[in-house]
Amino acid sequence: MTQFVRFRRRGTFWSAAAVLALCLWASGAPSVLYPVYAAAWNLPPVVTTSVFGAYPLALLVVLLVFGGLSDAIGRRRAMLLGVALITLSAAVFAVAPNVGFLFAGRILQGVGTGFAIGAASAALVENNGSRNPRFASSMATVSTSTGLTLALFASGFLVQVAPLPLVLSFALLVVLGLLVFGLVWRTPHDGPAERVRVRPQAPRLPRGLIRVFILSTVSVGTAYSIGAMFLSLGAQMARDLTGTTNLIVVGGLLAVSSLTIGVTALFLSRVHAHVSIMIGAVVSLAGLGLMAATTVSGSVGLFLVWCVVGGIGYSFAFTGGLTLLNRTAPERHRGGTLSLMYLFSYLMQAATAIGAGALVTSLGLGAALDIAVPVLGMLSVAGLVLATVDLVARRRFRLAEASPGASCDPVS
């Protein structure tokens, strides 16, 4: 009988990267389709953005209750559970006859991603074969942006040229989910040998990490919040600006941003985490200004510039925040710590998506952005200030530590 061959460290690393790509593919797959659902079922913007927001809300509930699960049962088991639920969610979307199924599909996506994303992020760090410790965080950004880019392209293409437009995108996602499940199945067992009862495992923040955790969460959460505006309303903006219903064009315009995120991340493995957070904050502020200017001008060219600038800002902010927390969190608490960071980040994303939808429905897109842009700008400024404060504190500690006879406790 042929023995089942399992992946080694490199195979496990790339399997975890595939899980992150699948998570973002699933998240982005409906984005191009929201205007189609809205037209077919006469849905106002607040409903479509609420469908979008159901995903992070479900995800944060799972992270709150089971965020530390992968530290207890192992990364492999947590990823398998998450991928299975994401695959099931795609099947629900594929057969959806009404908006209730969309909510059910998004909730399943959120639950599955809640189990998978923290475990996969930790598995990347723990199986990183590169000498550069920042490589894992850069690849996390590349993986997620690749999944999102391909989802936007594929959804737009299939809806525009293929039969069964609201089915094939999710049928493809089912196939991808099964493939990723097979990859993770081949990774080595990393959980306890004895059987573990699955029970609530709320994430806990280890002592001494509070300042780093807040900084990382603000940076990642800002990226997620700005991304929520883009993913929940970007398809509508692209259609309004171009005057086209061609979803290949709409999906291609949206994919420019996620493609920019991935390309930028390829160059960030050697950038210091604090520098990355600071640059991300400044560029995100510029992107928010472009978002508002795009709505006023109605320029497709400005929309594309916003996609690029926003993608660069997202990449710096997300990679910097994730790198800093990956580097600081102790291994035995890494899964729970990352899950806690994702919990707060997705809470910010959900609040942004649902709030933006409500504002657009009641006030219109332009007035909604007049409110949302300054709020998101304040988050970017907060990230910049917190990164500066943390750098100054670290420098003071190093100087005090180097002084003869000095005694000082580090503040993380």
Kirkwood hydrodynamic radius (C-alpha pairs) into Stokes-Einstein, the stretch 1-149, 37 °C and 0.692 mPa s, D in µm²/s: 203
Ranked by how many other beta carbons lie within 10 Å on average, peptides 291-298, 223-230 from highest: 223-230, 291-298
Label of the coordinate-derived value, Rg and Dmax of the Cα atoms in Å, listed as [x] 20.9, 76; [y] 20.1, 70; [z] 21.7, 74: [x]
Dipole in debye (nearest 20) - the chain, about Cα centre, beta carbon charges: Lys, Arg +1; Asp, Glu -1: 1320
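Rule-based calculations on the coordinates, nothing more; no lab input. The structure displayed is predicted, hence computed values, not measured ones. Neighbour counts are summed over all protein chains in view; Cβ atoms, including those assigned to glycine, are modelled from backbone coordinates with ideal geometry.
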